[in-house]
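The values are calculated or read from the model by the stated rules, or taken from the named source; none is laboratory data. What you are looking at is a predicted structure, and each value in this text was computed from that prediction instead of being measured. A quick note on method: Cβ atoms are made from the backbone with ideal geometry, for glycine too, and the neighbour counts reach across all protein chains shown.
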Amino acid sequence: MPRGDKDKYTTKQKRQAEHIEEGYEKRGISKDEAESRAWATVNKMTGGGRKSGSGIGKKTNKAPARKGGRIGGAASAARPKAARKASAKKAAATRKRRAS
């Protein structure tokens, strides 16, 4: 099996990778990087491909999928309130400008 071949993955694993990839792309990560991160996450959760006797009975570790949004925020919390408020205002203005 050549590297990158997804034949040994179940349809559920493929759906999971697709969904995770979309989430990365929404955060502004390039398509290729999002795809590789998504498959890395699926591999970490499920232990790789699950078809044809490759450890189908193993439990799924959901920690890697939950980890992403919980890690950030420490640097922001260390900044003064005025600085956080200013950057939040700037981000809101940018979102408003892009929406219109």
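Looking for something more than 24 Å from the chain's Cα centre (by Cα) and at pLDDT below 80 - is there at least one such residue anywhere in region 56-69? Yes, region 56-69 has at least one match. Here is the figure for region 24-42: residues that are surrounded by fewer than 17 Cβ atoms within 10 Å (Cβ to Cβ) and touching a helix residue (DSSP H, G or I) at 6+ places or on another chain (Cβ under 8 Å) total 4. Exactly one residue out of Gly4, Gly49 is in a loop (DSSP other than H, G, I, E, B), surrounded by fewer than 12 Cβ atoms within 10 Å (Cβ to Cβ), within 24 Å of the chain's Cα centre (by Cα) and at pLDDT below 85: that is Gly4.
Just checking, how many residues over region 24-46 are in contact (Cβ under 8 Å) with a residue 12 or more places away in the chain and of a type outside the set (Phe, Trp, Tyr)?
Number satisfying all stated conditions: 9.
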